[in-house]
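Notes to accompany the following structure.
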Amino acid sequence: MFSDPRWSEALSRLPDYLGNHVRVSMTALALGMAISLPLALLAYRRPVLRGFLLGITSIVQTVPGLALLALFYPLLLALSALTASWFGFGFSAFGFLPSVLALALYSMLPVARNTITGLQEIDPALTEAAEGVGMTPRQSLTMVELPLALPVIMAGIRTAAVWVIGTATLSTPIGQTSLGNYIFAGLQTQNWVFVLFGCAAAAILALAVDQFLALIENGLRLRARTKIIWGAGGLVALLLATLTPSLTVSRATYVIGAKTFTEQYVLSALMSQRLEAVGLTSTPREGLGSNVIFEALAKNDIDVYVDYSGTLWANQLKRTGIKPRDELLTELNAALSRWKIMTLGALGFDNAYALVMPRKRAEEFGIRTAADLAARAGSMTIAGDYEFFSRPEWAALRTAYNLNFRQQRQMQPDFMYAAVASGEVDVIAGYTSDGLIAKYDLVVLDDPKRAIPPYDAIVLISPKRADDKALRDALLPLIGKIDIAAMREANLRAGNGETPSGVAKWLWDKVSRR
Amino acid sequence: MNDTAEAIVFDKVGKTFDNGRVKAVVDVSLRVTTGEFVAIVGGSGSGKTTLLRLANRLLDADHGYVRIGGQNVQQSDPIALRRSIGYVFQSAGLFPHMTVAENIGITPRLLGYPETDIAARVDELLTLVRLAPDNYRDRYPHELSGGERQRVGVARALAARPRIVLMDEPFGALDPLTRDALGDDYVRLHRDLTLTTIMITHDMTEAMLLAGRIAVMREGRLLGEGTPQELARSDNSYIKELLDTPRKQAARLQAVLADRSA
Ligand SMILES: Nc1ncnc2c1ncn2[C@@H]1O[C@H](COP(=O)(O)OP(=O)(O)OP(=O)(O)O)[C@@H](O)[C@H]1O
Ligand SMILES: [Mg+2]
C-alpha cells in the first residue's frame, strides 16, 4: 500500500503544509487568547458585559467554519480598499490574515467561557479571605483567583487549540496553505491517499498539541513543575520542528494558483513543470475559491493561473451580453489591462456549459445542435448541476432555442454523465472539457446561435510579473497547444486517481509533439 | 496610647442584607478598650460574624459608626486597615494553592517584609500554635486536619504583628486538650503584647475562661455585656440561661462520675 507513489508525494509536501498549518493555527490561537482572556477578566463580575461576550462568541461559534473563513475574505478586501483610499496603503486580504482573524474569532468562546466559569466557581470564602488578609482586588485576582481558576482556563485553551487546528484545514480556499490542501486536492482528484494523509496529519497535530497542553494543565493542577516544563518544552519543540523547515524552504520565485477542480490541479502542475524545465522554481497555491483567485492575482499574491473567458466576462466584468469568441477575448484583454493583468493567451480548449447527450441517441434522432432539440424537448428530461438552472446561460439557451423540457433535475456533476449514458435522463448540461464525455461516448451539441459565451481557458499573469520575460517564455509553448480532446483525456486520468503531476507530464508529452 | 484608650468602638451600628429583609445586626453599641479580650457569644445566625466583619470593613455598616483607634473606619483605607488587623476566619479560609508557610506569610509579604524575616516569623508562629515547623511548613491545606487548619489560620492572623485580632470561632474544630492549651497560650500572648482581641465562640465555658468581658447577641441585637459576674446579675432570662449552662453541665458531669464510682 505504501509503495503507491502518492504516499511519497504526500510526504514531500508535508513540511510546507504542516509548517503553514502550525503557523496559522498557533498565531490564531495566540491572538484569540490575547483578546478573550482580558475580555473575560473584564466581564466575569459584570453580568451585562458577560452576557454580551458569551453571546457574541457563541453566535460566532454557530457559523460554520468554512463560511466564517469565506466571510473574512471580502470583509478584509473592503477594509483594504478603505485604508487604501484613506491612508494610501492597502494590505493583502489573501491567505494568512483572513485565516488568522477568522480562526482567532473561532477560538474565543472556549477560552472566554472557561475563564469566566473558572473564576466564578471559586469558593467565595476564599475571595473573602483574600480581602481579609489585605489583598487589593488586583492582588486577589493574580494571587488567588487566577491560580485557582487556571486548570479550568487551560481546559478551555485545549478545546480552542483542537478546534482551531481542525478548522484551519478549511483555510485553503482563501489562499492559506494548510493541511487542508491535501484534503481539497484529494477530494477533487479522487486521490484518497491525499485525503487520508491530510486528515491524519491534522488529527495527529491536534492530538499532540492537546496532550502537551494537558501535561501543562496537570502540572498546574498538581503544582508539579516538571510536568509543566515537559509540556511547555514539548510545545516549543513541536513549533520549532514544524516551523523551521517551512522558514528555511528557499523562497520559491513564482506562485501558481489553482481553483478547486481537477482540471485546475492538472494545469497548475503543467505550468510548474514548464517553469522547472527552464530552471525557474515555483510553489503551488491550490484549492482557491473562484473569486478569491482573481483578487489574489490582481494583488500579486499569486503570479499566474488559468481562468476561463466566460467566467471573467460575467464575474469580474459583470457583463451579461454575449459576444463572439474573438471579440470577447479582445474586450476582455482590454478590460483586464485596467487591473494591469496580462493575458498570455488561450490554451486552445474551452470549458463551457454545453448540452450533452449519448452519441447513439443523437444520431438516431438526427440531433446535432441545440436547435434540433426544440421539437423533442417536451418529452425529454434535462439534468444540470446545482447552479445551472439559475444561471444566465440556461435562460439564454431556453429563449434562443425555445426549449421546454418535460422535467428539470439537479444532480451532483459526477453523476450526471452516468445518468445520461444510462438513459435515466435524456440531456445534461455538462462541461465541455470533462473527461467523462469521452468515457461514456457522449456528444456535445452545437450552439449555432451562440447563446452560451465562450469559456476559453486563458493564462493570466499578475501585474508584478507582466513584464517578466522568463515567465512568459516558459509558458508560451503551452498557448494554443491543448485541444479539447487532450484536456478531456487528461481530466479523465486525473479523475481516476492519477496524480495531477503525473497527468501533467502525460499531457505535455502528448501536446509537445505537435 | 494609654491602657484605657478605645481600640474598637461600635456606635449604634446596623447592617441588613437582601434589601433590608434580613436584619443581621441591629443597633449594636460596644466599646472595647486597648488590651481587652472580649468574647461574643450567641446562637447561630445572631449576627456575630457580621458584627466582626464590620470592624475591618469586609462589610460596611448601613448606619452607625465603627471606630478603630479613634478613627472612623469609613475614613481609613480598607486595604491598610485589613493588613493591620489580624482576622481568623470561621472556616480558616486558607488558600488551597499555597503551602502552610505561604499562607501564614501572606500579609507580611503584601506589606513587603524581607523574605528571610517572613520565613523566621512563619517558624515562630508554627511553634506558637504547636505545629512542628519542619513537619508542617511545606504542606498544603488539604494535607491538614480541620484542627490543624484552624491553627494555621490563627498563625496567619498574627503574622504581621497586628495590634488588634478578630477571631471567628478560632478553636471550634480542636480537641479539648489542644483547645485548652492553645487558649491559654493565646491569652498569654494577648497579655504580653497588649493585644486587643474580639473572639466569637459558641462555648460559654471557653468565653468565661479566656475573656475578660462577654457580649451576648441574639437576633442581631446586643442583649448584654460585662464580666461574667456582671452578666450573672442580669435579669434577662436568655443571658441567665446561657450563663447557667456551664454550671448545669458541671453538675451533671459530677453526678455521672459519682454514679460510676459508686
Ligand atoms: N452575605 C449575606 N447575605 C445575606 N444574608 C446574610 C449574609 N451574611 C449573613 N447573612 C444573614 O445574616 C444573619 C446573621 O449572620 P451571621 O453570619 O452574622 O451569624 P452568626 O452569628 O455568625 O452565626 P453562626 O454562629 O452560625 O456563624 C443570618 O440570618 C444570615 O443568614
Ligand atoms: Mg458566624
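Readers should treat all values here as calculations from the given coordinates under stated rules, not as data from a laboratory. Because the structure is a prediction, the values reported are computed rather than measured. Cβ atoms come from the backbone with ideal geometry, glycine included; neighbour counts cover every protein chain shown.
How much of the pair distance distribution for the protein assembly as shown lies past 50 Å, counting alpha-carbon pairs only, in percent? Across the protein assembly as shown, Cα pairs with separations above 50 Å total 45 percent. Here the Kirkwood formula, the inverse mean of 1/r across different C-alpha pairs, assigns segment A:5-248 a hydrodynamic radius of 19.6 Å. Computed as a quarter of the hull surface, the mean projected area of the alpha carbon convex hull for segment B:84-168 stands at 4.9 nm².
Length available on full extension from residue B:192 to residue B:76: 0.36 nm per residue minus the Cα-Cα distance, which gives 39.0 nm.
Sorting A:380, A:416, B:204 by the number of Cβ atoms found within 10 Å of their own Cβ, with the fewest placed first, yields A:380, B:204, A:416. Distance between the pseudo-spin-label points of residue B:256 and residue A:82 (7 Å out from Cα toward the beta carbon): 8.1 nm. When Rg and the Kirkwood radius Rh are both evaluated on Cα atoms of segment A:47-192, their ratio Rg/Rh stands at 1.14. Over segment A:353-444, Cα pairs under 8 Å with separation of 6+ residues give a relative contact order of 45 percent. By the Cα gyration tensor, segment A:1-109 has an equivalent ellipsoid whose semi-axes, rounded to whole angstrom, run 32, 22, 13 from largest to smallest.
Provide, for q = 0.08, 0.12 Å⁻¹, the log10 of I(q)/I(0) from a solvent-free Debye sum over equal Cα point scatterers in chain B. Taking Cα atoms of chain B as identical point scatterers yields -0.34, -0.75. Between 0 and 90 degrees, the angle of helix A:225-248 with respect to the longest Cα principal axis of chain A falls at about 30 degrees. For residue B:59, nonlocal amide neighbours, meaning residues 5 or more places apart or on other chains whose placed amide H falls under 5 Å from its own, are B:54. Rounded to the nearest 20 debye, the dipole magnitude of chain A is 500 debye, with +1 charges on Lys and Arg beta carbons, -1 on Asp and Glu beta carbons, and the Cα centre as origin. Projecting the Cα positions of B:92, B:131, B:111 onto the charge dipole of segment B:83-136 (unit charges on Cβ atoms of Lys, Arg, Asp and Glu, taken about the Cα centre) puts B:92 furthest along the positive direction.
Footprinting exposure proxy ranking of A:428, A:59, fewest other C-beta atoms within 10 angstrom first, gives A:59, A:428.
Here segment A:5-248 is treated with +1 on each Lys and Arg Cβ and -1 on each Asp and Glu Cβ, and its dipole about the Cα centre works out to around 100 debye.
Between the C-alpha center of segment A:18-35 and that of segment B:188-216 there is a gap of 61 Å.
Counting only residues at least eight positions apart within a chain, or on another chain, the aspartates and glutamates with an alpha carbon under 18 Å from that of residue A:449 are A:326, A:327, A:350, A:372, A:393. Proximity of backbone amide H atoms, modeled 1.01 Å from N, is registered between residue B:199 and B:38, B:39, B:40, B:167 at under 5 Å, excluding neighbours fewer than 5 places apart on the same chain. The Cα trace of segment A:353-444 gives Rg and Dmax of 11.8, 31 Å, the first to one decimal, the second as a whole number. Taking 23 Å as the straight-line reach from the Cα of residue B:15, the lysines in range (excluding those fewer than 8 positions away in the same chain) are B:23, B:48. Fraction of C-alpha pairs exceeding 19 angstrom in segment B:28-116: 51 percent, rounded to a whole number.
Backbone phi angles across segment A:451-463, fed through the Karplus curve with coefficients 6.51, -1.76 and 1.60 (θ = phi - 60°), yield HN-Hα couplings of 6, 9, x, x, 10, 5, 6, 10, 8, 9, 10, 5, x Hz in residue order; Gly and Pro are listed as x. The distance from the alpha carbon centre of segment A:434-483 to that of segment B:136-163 is 82 Å, rounded to a whole number. Can you give the angle from 0 to 90° between the axis of helix A:392-401 and the longest principal axis of chain A, with both taken from C-alpha atoms, to the nearest 10? Compared with the principal axis, the helix lies near 20 degrees. Taking every DSSP beta bridge that has both ends in the protein assembly as shown, the antiparallel portion is near 55%. For residue B:12, a cut-off of 13 angstrom between C-alpha atoms picks up these aspartates and glutamates, skipping any fewer than 8 places away in its own chain: B:27, B:62. Ordering A:197, A:96, A:87 from the fewest to the most neighbouring beta carbons within 10 Å gives A:87, A:96, A:197. Roughly how far apart, in whole Å, are the Cα centres of segment B:53-70 and segment A:168-183? Each part reduced to its Cα centre gives a spacing of 63 Å. Mean separation of Cα pairs under 8 Å and 6 or more residues apart, divided by the residue count, gives chain B a relative contact order of 24 percent.
Taking 0.890 mPa s as the viscosity and 25 °C as the temperature, the Stokes-Einstein diffusion coefficient of segment A:278-404 based on its alpha-carbon Kirkwood radius rounds to 139 µm²/s. Please report, in debye to the nearest 20, how large the charge dipole of segment A:353-444 is about its Cα centre when each Lys and Arg carries +1 at its beta carbon and each Asp and Glu carries -1 there. With only Lys, Arg, Asp and Glu charged at Cβ, the dipole is about 220 debye. Distance between the pseudo-spin-label points of residue A:375 and residue A:509 (7 Å out from Cα toward the beta carbon): 4.7 nm. When the charge dipole of segment B:141-262 is built from unit charges on Cβ atoms (+1 for Lys and Arg, -1 for Asp and Glu) and taken about the Cα centre, the candidate among B:167, B:214, B:193 whose Cα reaches farthest toward its positive end is B:193.
Per-residue ellipticity at 222 nm computed for chain A from its helices equals -19500 deg cm²/dmol, with DSSP H segments shorter than 4 residues left out and the rest contributing -39,500 (n - 2.57). Beyond 12 Å, the tail of the calculated P(r) for segment A:76-122 holds 69 percent of the Cα pairs.
For segment B:160-177, 3J(HN,Hα) computed residue by residue from phi via the Karplus equation (6.51, -1.76, 1.60; θ = phi - 60°) reads 8, 6, x, 8, 10, 10, 10, 10, 9, 6, x, 10, x, 9, 9, 6, x, 5 Hz, glycine and proline entered as x.
The alpha-carbon positions of segment A:428-514 define a convex hull whose volume is 146 Å³ per residue. A Förster radius of 30 Å, combined with the Cβ-Cβ distance separating residue A:276 from residue A:207, puts the computed FRET efficiency at roughly 0.25.
Taking every alpha-carbon pair under 8 Å whose residues sit at least 6 apart, chain A reaches a relative contact order of 15 percent. Taking amide H as placed 1.01 Å from N in the peptide plane, the amide H of residue A:254 sits under 5 Å from that of A:281, A:282, A:283, each at least 5 places away or on another chain. Dipole orientation for segment A:353-444: of the candidates A:437, A:390, A:373, A:373 has the Cα lying most toward the positive pole (charges on Cβ; Lys, Arg +1; Asp, Glu -1).
Between 0 and 90 degrees, the angle of helix A:65-87 with respect to the longest Cα principal axis of chain A falls at about 90 degrees.
Couplings 3J(HN,Hα) for segment A:324-333, derived from phi with the Karplus relation 6.51 cos²θ - 1.76 cosθ + 1.60 (θ = phi - 60°), are x, 2, 5, 4, 4, 5, 5, 5, 4, 4 Hz, where x marks Gly and Pro.
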